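The values are calculated or read from the model by the stated rules, or taken from the named source; none is laboratory data. Nothing here was measured: the structure is a model prediction, and the numbers come from that model. Using ideal geometry, Cβ is built from the backbone for each residue, glycine included, and neighbour counts are taken over all protein chains shown. Calculation scope for accessible area: heavy atoms of the full protein, side chains included, ligands and nucleic acids excluded. Shrake-Rupley method; radii C 1.70, N 1.55, O 1.52, S 1.80 Å.
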Amino acid sequence: MAKYDFDIGVLGGGAAGLTVASGASQFGAKTLLVEKEKLLGGDCLHYGCVPSKTLIKTARVYHMIKNSAQYGLPDVVAKPVDFKDVALRIKSVIDKIQKHDSEERFCGLGVKVEFGDAEFRDEHSIRIGGKTYSANKWLIATGSSPMIPSIEGLESTPYITNKEIFSLDRLPKSMVVIGAGPIAIEMAQSFNRLGTEVAVIQRSGQILSKEDGDMADEVKRVMESEGVTFHLNTAILSVRDLGDEKKVVIKRHDGYTLGLKAEKILVALGRQTNVEGLGLDGISLKYDKKGISVNKKMQTNHDHIYAAGDVTGAYQFTHAAGYEGGVVLSNAVLHLPKKANYTYLPWCTYADPELASIGMNEKRAKDAGIEHSIWKEEFRSNDRSLAEGEERGRIKMILDHKGNPLGIQILGPRAGDLLGEWVAVLNGGVKLSSLASSVHPYPTLSEINKRVVGNYFSGKIFSEKVKKTLKFFFHFKGRACG
Ligand SMILES: Cc1cc2nc3c(=O)[nH]c(=O)nc-3n(C[C@H](O)[C@H](O)[C@H](O)COP(=O)(O)OP(=O)(O)OC[C@H]3O[C@@H](n4cnc5c(N)ncnc54)[C@H](O)[C@@H]3O)c2cc1C
């Protein structure tokens, strides 16, 4: 091992790379961390989760102010939004979190941090800024970037992506959003709430296409009621720059052609993995259009080179990147064999209402041909939801033929947080009967988790058979009314 400069080298200072770099160094491995941008933190901190959730909160507060009468308050005429102030708030939140991800902090942990573009020179060494560093093991965690579709005219028309949207100098009057995945939907709702006229274009017939149709359609209905326009089952024919405005020509599935004009075009059509310029072909490392191929231990076709996070093209979430980083640490640093298991990987789209998912949804259970039953509980039956004026949505529990949980979907207020209880239940193998008999504080949204399980058990508990047995033993007289 002495022949290498480092025990482990990490390419990419985002969620996956930082998990491995900090862990490896704290376990005593001599660690190199290389980041292409000027700051550590990755997409999540600078252009992803953190700015988007900050924007969502700002937009929600503005939306509530404009709808104050719904809460028994006087009507408020809200001043128009100055996006410069919104962008400042976003930047201030990023700056606070940046401190956890600073070069100084990592140096304090013992990690050598280098900034610049790294390229593999051979299977054990990279070139960066005229220097060569070698390491016994490597992790590629270079993340992903917005996928830019090939649409006639797009190359010569200015557009924005998640990289620009959080630092605009003013609120656009209008915006066409290309795509209807989580990023597109979160941004469409937020900008619409702030005062931008928003139209969403989607090729398929459903927004948030990985989710169950009934849940995703309800998010769409809420957004429509707030003023967002949707063009589903629609192809984009061309894009043109008209100066102050841009024109997007679309063709609906009925053949009707339409020109949408907007001040900004947001491209949010998915992600492409950051593999270019890494010199992967030179070391014969396997990757394809989806990303770098890895086995369950997160190893590439070269056993000592690992890949984790968005760059593998699998589950592109920060918590997935962190989890995979943990798998790499276990295998590459601790030499404790560990395989990634995504059975209970949760996720959430932070629209209002939020849509959170763990395990199988109805769509996936049907596609897999698994016999299942569905149990639901509506938020409008939850006292706290009513008190909060958050009555939309439901929880959906999917059970297999033996009554074991396959998955949970929650559409409603704080769905992402409510899913936390299910993360523990499913990963810990907690029995549904334990959840049903547990006491939840009243009045909380979390009671919905217990209630949905109660719905499953109540048919068994209050059955005719049980009633007959009780009558036999205790001579109960039955109904007292009607
Ligand atoms: C708008 C938006 C909202 C999102 N919201 C959420 C959310 O709410 N929840 C969630 O879980 N996920 C969310 N995501 C996804 C999340 O941001 C990613 O899944 C996560 O950042 C992936 O982490 P990573 O470590 O794989 O990559 P990244 O965090 O992107 O880190 C990769 C790093 O590698 C660097 N790099 C690239 N090339 C090189 C090179 N050649 N040499 C050295 N360094 C290089 C990059 O500069 C970057 O810093 C969101 C994404 C977007 C775009």
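Please work out the Cα center distance from region 24-86 to region 351-389, rounded to the nearest Å.
When both Cα centres are located, 26 Å separates them.
Using each residue's phi in region 200-213, evaluate 6.51 cos²θ - 1.76 cosθ + 1.60 at θ = phi - 60° and report the 3J(HN,Hα) Karplus result to the nearest Hz, with x for Gly and Pro.
Going residue by residue, I get 10, 10, 9, 5, 8, x, 9, 7, 6, 5, 6, 8, 4, x Hz, with x marking Gly and Pro.
Mind pulling the angle between the C-alpha long axis of helix 447-461 and the longest principal axis of the chain? Nearest 10 degrees, somewhere in 0 to 90.
50 degrees
What share of the DSSP beta bridges in the chain is antiparallel, in percent to the nearest 5? Numbers along the way, then the final one.
Numbers: 47 of 77 bridges.
Of those bridges, close to 60 percent are antiparallel.
Could you state the angle between the C-alpha long axis of helix 182-194 and the longest principal axis of the C-alpha atoms of the chain, as a value from 0 to 90 degrees rounded to the nearest 10?
Here the helix axis deviates by roughly 70 degrees.
Below 10 angstrom from the Cβ of LEU33, what's the summed charge of the other residues (Lys, Arg +1; Asp, Glu -1)?
-2
Helix-only estimate, please: 222 nm mean residue ellipticity of the chain, summing -39500 (n - 2.57) across DSSP H runs of length 4 or more and dividing by its residues, to the nearest 500. Numbers along the way, then the final one.
Working: 14 runs with 154 residues, N = 482.
My calculation for the chain gives -9500 deg cm²/dmol from helical runs alone.
Taking the Cα centroid of region 395-459 and of region 248-281, what is the distance between the two, rounded to the nearest whole Å?
Between the Cα centre of region 395-459 and that of region 248-281, the gap is 38 Å.
May I ask for the equivalent-ellipsoid semi-axes of the chain, computed as the square root of five times each C-alpha gyration tensor eigenvalue and listed largest first in whole Å? Before the final figure, lay out each step's value.
On the way: eigenvalues 345, 217, 91 Å².
Taking √(5λ) for each Cα gyration eigenvalue gives 42, 33, 21 Å.
Among rounded, prolate and oblate, which fits region 18-93 when a ≥ b ≥ c are the square roots of the eigenvalues of its C-alpha gyration tensor, a/c under 1.5 means rounded, and a/b larger than b/c means prolate? Show your work: numbers first, answer last.
On the way: a/c = 5.98, a/b = 2.98, b/c = 2.01.
Cα axes put region 18-93 in the prolate bin.
Through the Karplus equation 6.51 cos²θ - 1.76 cosθ + 1.60, θ set to phi - 60°, convert the phi angles of region 474-482 into ³J(HN,Hα) values in whole Hz; use x for Gly and Pro.
So the J values, rounded to whole Hz, are 10, 6, 4, 9, x, 4, 9, 9, x.
Run the accessible area of region 326-482 with a 1.4 Å probe and give the carbon-and-sulfur part as a rounded percent.
Working: 5000 of 8780 Å².
C and S fraction of accessible area: 57 percent.
To test your reading of the geometry: what angle, between 0 and 90 degrees and rounded to tens, separates the Cα axis of helix 15-26 from the longest principal axis of the chain?
70 degrees
For GLY389, what charge total do you get from the other residues with a beta carbon under 13 Å from its beta carbon, if Lys and Arg give +1 and Asp and Glu give -1? Mind showing how you got there, number by number?
Numbers: positive: ARG60, ARG380, ARG384, ARG392; negative: ASP352, ASP383, GLU388, GLU390, GLU391.
The answer is -1.
Quick one: accessible area per residue over the chain, 1.4 Å probe, rounded to a whole number of Å²?
Values: 24160 Å² over 482 residues.
For the chain, the per-residue accessible area is 50 Å².
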